[in-house]
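A.B. asks: Let me give you the structure first, and then I'll get to my questions.
The values are calculated or read from the model by the stated rules, or taken from the named source; none is laboratory data. What you see is a predicted model; the values in this text were computed from it and never measured. In this analysis, Cβ positions are derived from the backbone assuming ideal geometry, glycine residues included, and neighbour counts consider all displayed protein chains.
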Amino acid sequence: MISINGYPIGNKCYPNNERIFEKPIISGIFPTDEFTIEFKYGTDIDISILIMTKKYLDDMYNNPKVTLRMKYAPYSRMDRYIEGYMFSLKYFCKMINDLNFHKVIVLDPHSNMTTALLDRSCEINIDQYLDKVFEQVKKIDYIFYPDKGANLKYRNTLKTRRQSFCGDKKRNLNTGKIINYELVDCPDIKDKTILIIDDLCAYGGTFQLASEKLKEKGADKIYLYISHCEDSIYQGKMINSGLIDKIFTTDSILTDWSSSLICNISN
């Protein structure tokens with residue numbers, strides 16, 4: 001889904017799914033040459049819409065100042081060279097750089113490789129979203145990072161001012177499935193309230209395992225903050241497990257808000 005200064009673009013299509021761009025409406029509503037394109041990735045069609053929208057603005061305006069705001073940067077999972085796989089984030093970022101945006105704003109990228117590859121990029125600080133969590137959940141005893149990657153990413157950057165610890169997972173490299181999960185240096189969490197923090201959730205398998213281990217150690221309530229939640233969360237076991245009391249997330253990816261367990265804390 002794409003919008004220019006809040007105005008939806010390319011949201012209608014022909015039967016073969018080619019987008020319809022209403023040029024007369026677009027050209028008549030913007031008296032300025034400064035624009036913000038909001039980009040919410042759903043499929044690769046949205047990338048095509050983004051490319052055509054930026055090129056259209058370049059044609060219609062003399063050197064327009066266009067900011068791209070995409071909370072979730074597509075292809076951020078494949079953020080390094082792996083034998084047998086394309087380093088797809090590199091090529092997605094190259095496409096964005098070729099469009100020559102004035103600024104590119106992203107929320108909580110999966111790794112710092114995203115902002116390293118994007119020209120003129122900056123991050124939205126997730127502390128503003130965590131503040132909303134803390135407003136709703138008054139008592140949080142511990143922050144929990146579900147794997148060593150999240151621990152390394154967040155532990156020294158977030159302004160949570162709360163004690164924290166982490167988990168560790170081992171995967172079968174052939175299947176991708178988690179074969180072992182354990183808590184690292186777990187304190188006494190009996191009857192305590194835990195907030196799990198991470199950037200991305202597909203099916204929720206890691207959070208399911210983490211919550212099971214936390215409950216085994218006596219945790220009372222468990223909350224989850226994830227910056228980017230996919231609709232596939234409904235296909236996983238976690239959402240119906242009863243282990244997590246509330247899931248806080250943004251509208252960066254999610255379109256299905258039907259579960260009362262999920263709370264939208266977007267700006």
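A.B. asks: Of the residues S164, S211, S260, S227, which is part of a loop (DSSP other than H, G, I, E, B), among the polar types (S, T, N, Q) and either closer than 27 Å to D127 by Cβ or touching a residue at least 24 places away in the same chain (Cβ under 8 Å) (or both)?
C.D. replies: So the residue among S164, S211, S260, S227 that is part of a loop (DSSP other than H, G, I, E, B), among the polar types (S, T, N, Q) and either closer than 27 Å to D127 by Cβ or touching a residue at least 24 places away in the same chain (Cβ under 8 Å) (or both) is S260.
A.B. asks: Counting just the residues of segment 152-161 that are assigned to a loop (DSSP other than H, G, I, E, B) and surrounded by 15 or more Cβ atoms within 10 Å (Cβ to Cβ), which one comes out nearest to the chain's Cα centre (by Cα)?
C.D. replies: L158
A.B. asks: Regarding D33, is this residue at pLDDT 90 or above and surrounded by fewer than 16 Cβ atoms within 10 Å (Cβ to Cβ)?
C.D. replies: For D33, the condition - at pLDDT 90 or above and surrounded by fewer than 16 Cβ atoms within 10 Å (Cβ to Cβ) - is not met.
A.B. asks: Now for a separate question. Considering segment 170-206 alone, what residues qualify as being aliphatic (A, V, I, L, M) and under 17 Å from the mean Cα position of the chain (by Cα)?
C.D. replies: I196, I197, L200, A202
A.B. asks: Pull out all pairs, ordered by first then second residue, where Cβ-Cβ is under 6 Å, the residues are six or more apart or on different chains, the first lies in segment 37-64 and is assigned by TED's automatic domain parsing to the domain that holds L107 and part of a helix (DSSP H, G or I), and the second is of a type in the set (V, I, T) and crowded, with 19+ Cβ neighbours inside 10 Å.
C.D. replies: Correct list of pairs: I49/I2; L50/I2; T53/I2; T53/I9; L57/V66.
A.B. asks: If you check Y75, Y81, Y14, which single one turns out to be surrounded by 12 or more Cβ atoms within 10 Å (Cβ to Cβ), of a type outside the set (D, E) and either touching a Phe, Trp or Tyr at 6+ places or on another chain (Cβ under 8 Å) or at pLDDT 90 or above (or both)?
C.D. replies: Y75
A.B. asks: Shifting gears a bit: Assess whether L107 counts as being closer than 30 Å to D33 by Cα and in contact (Cβ under 8 Å) with a residue 60 or more places away in the chain.
C.D. replies: Yes: the conditions hold for L107.
A.B. asks: When segment 116-125 is examined, which residues are found to be surrounded by fewer than 19 Cβ atoms within 10 Å (Cβ to Cβ) and not in a helix (DSSP H, G or I)?
C.D. replies: Across segment 116-125, the qualifying residues are D119, R120, C122, E123, I124, N125.
A.B. asks: Before we move on, is Y234 assigned to a helix (DSSP H, G or I) and within 30 Å of E38 (Cβ to Cβ)?
C.D. replies: yes
A.B. asks: Hey, another quick one. Answer yes or no: is there a residue in segment 132-151 that is part of a helix (DSSP H, G or I) and closer than 16 Å to P187 by Cβ.
C.D. replies: Yes - at least one qualifying residue is present in segment 132-151.
A.B. asks: Now for a separate question. Could you check how many residues of segment 183-201 are under 20 Å from I226 (Cα atoms) and out of contact with any Cys (no Cβ under 9 Å at 6 or more places or on another chain)?
C.D. replies: Number of matching residues: 7.
A.B. asks: Do the conditions hold for K177, that is, is it loosely packed, with under 12 Cβ neighbours inside 10 Å, charged (D, E, K, R) and modelled with pLDDT of 85 or more?
C.D. replies: No; evaluated as a whole, the condition is false for this residue.
A.B. asks: In this structure, is K94 farther than 25 Å from S266 by Cα, among the basic types (K, R), within 21 Å of the chain's Cα centre (by Cα) and not assigned by TED's automatic domain parsing to the domain that holds D251?
C.D. replies: yes
A.B. asks: Taking segment 190-230 on its own, how many of its residues are among the small types (G, A, S), buried (at least 23 other Cβ atoms within 10 Å of the Cβ) and under 19 Å from I178 (Cα atoms)?
C.D. replies: 3
A.B. asks: Looking only at residues in segment 190-205 that are touching a helix residue (DSSP H, G or I) at 6+ places or on another chain (Cβ under 9 Å) and touching a residue at least 60 places away in the same chain (Cβ under 8 Å), which one is farthest from T250 (Cα to Cα)?
C.D. replies: L195
A.B. asks: Checking the condition closer than 22 Å to E135 by Cβ and either more than 20 Å from the chain's Cα centre (by Cα) or not assigned by TED's automatic domain parsing to the domain that holds D191 (or both), which residue from I226, I244, I222 passes?
C.D. replies: Going through I226, I244, I222 in turn, just one is closer than 22 Å to E135 by Cβ and either more than 20 Å from the chain's Cα centre (by Cα) or not assigned by TED's automatic domain parsing to the domain that holds D191 (or both): I222.
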